[in-house]
Every structure is written in structure tokens, then in C-alpha cells.
Amino acid sequence: MFDVLIIGGGVSSVSCALVLGSAQGKPFAIDKKIGVFTHQKNSSLQEALFNNAYGIAPGKLGSELLSESTEHLSQEYPHIAQIPNEKVIKIEGQYPEFLITTNKSTYKSKMIVVGIGSANTFAIEGLMEYIEPHKKALPEKQRIQLKNIDHKVTEGIYVIGTLAGWRSQLAIAAGSGAAVATDILTVWNNGVQTHAHDSIR
């Protein structure tokens, strides 16, 4: 049983995983089991070039960032299980026990974070009832989002990045993932508002 499973290997998902991973020393997070489905084949970053992203050297390719970010996650926070080459096709159950079915296996988790793209090809059974037109994309692009209030779809299920209704911008996606990570840390900390910072002090 995972405490949280993150669906997606792009910016928002890996950002969420990094923040959760960095809280590993906190008493309320020390025993938490975290996993992330790192399927990246359909990520929009595969064709991206970054010249306007804070903290990223101009000319960085999105494809490089994808591979570097999962390697970073693996090196810094090896306790987070990376599940590659699996696509989630179905979610069943309710908080605090969800059953997640992929094209290869099944998993159980107390909470779920959904961070895949906003293409209208979205087809995860169990979440289809939450689909609505994307509120910040051009109508002709036919983008979708999941209905949510401050990233929360329903009890135990969060959505991040463009699928949460945000615009397609790296800094926005990263912030969305980090924001949900701090929401989850707050839940783990019995509702006490919290976050995770590293420091040179």
C-alpha cells in the first residue's frame, strides 16, 4: 500500500515527488511510501526548448530535462519508487484505499496525484466524470481539465499541472506540483500547515 501515488513523469509530477521526497526527515513523513509513474513518452516536454525558465540555462531541451529530473529524483530520494513504462488505465475505490490499474499491474494507494497532460485523449476510467473543458486554453485546442477546487478533485485525489486547469508553462507546472506536495505534507502533519525546505545552515 502506497501513501501516495503520482501519475505522470513530467514537470508537475516530478516536482511533486521531489518536494515529498525532501521531507523524508520529518517525523510525519519518515515512514511514508511514495511512488511515481514516470511514463514520459507523451510529455509535451519532448519537443520543448527552454530560454525563459527560472533556474534553467537557456537552450536546455525539454527531453534532457525529463531524463535529468528522474535521475535527480533517483539520486536524491531513492526511497521514492519510480514505476516506468506503465500507463494508468483505471482508478477504483475511495479514500483512504484506491486501486490503481495499469497496462501491466495493479497498485493500492491511500492518495493519488494526477499529473498527466490536458489532451482530450485522457482516458483513465474512474476519473472521466470529472472532465470539463480547459478554462485557460484556446477552444480550438480542445484541451480538458479535471474539475477541482485548489487542486483537489475529491477526497484523496489531487490534480496538478495543465490537467488542473493551469496554463502550459514550466514554472507554473512545477509550482502546481510543489503546492500539492505541501498540501499532502499538511495532511500527513495532522492538518498543521507545513512545507519542506533545504538549507545550507
message = Suppose we filter segment 51-94 for residues that are within 18 Å of the chain's Cα centre (by Cα), open to solvent by 30 Å² or more (accessible area, probe 1.4 Å) and of a type outside the set (A, V, I, L, M, F, W, C); how many remain?
response = 14
query = Within the bounds of segment 16-37, is there any residue that is of a type outside the set (A, V, I, L, M), within 16 Å of Ser168 (Cβ to Cβ) and crowded, with 16+ Cβ neighbours inside 10 Å?
reply = no
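A quick yes/no check of all residues on (1) more than 27 Å from His195 (Cα to Cα); (2) part of a loop (DSSP other than H, G, I, E, B); (3) touching a strand residue (DSSP E or B) at 6+ places or on another chain (Cβ under 8 Å); (4) not hydrophobic (A, V, I, L, M, F, W, C):
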position	(1), (2), (3), (4)
Leu5	no, no, yes, no
Val14	no, no, yes, no
Gln24	no, yes, no, yes
Phe28	no, yes, no, no
Lys32	no, yes, yes, yes
Gln46	yes, no, no, yes
Ser63	yes, no, no, yes
Check on Ile160, of a type outside the set (Ser, Thr, Tyr), closer than 22 Å to Ile89 by Cα, open to solvent by 20 Å² or more (accessible area, probe 1.4 Å) and modelled with pLDDT of 95 or more = no
task = Answer yes or no: is there a residue in segment 171-180 that is of a type outside the set (S, T, N, Q), touching a Lys or Arg at 6+ places or on another chain (Cβ under 8 Å), crowded, with 16+ Cβ neighbours inside 10 Å and on the phi < 0 side of the Ramachandran plot.
result = no
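The values are calculated or read from the model by the stated rules, or taken from the named source; none is laboratory data. What you see is a predicted model, and the numbers here were worked out from it, not measured in a lab. Positions of Cβ are generated from backbone atoms using ideal geometry, with glycine treated the same way; all protein chains shown enter the neighbour counts. These accessible areas exclude ligands, DNA and RNA; they are computed on the full protein's heavy atoms, side chains included. Shrake-Rupley method; radii C 1.70, N 1.55, O 1.52, S 1.80 Å.
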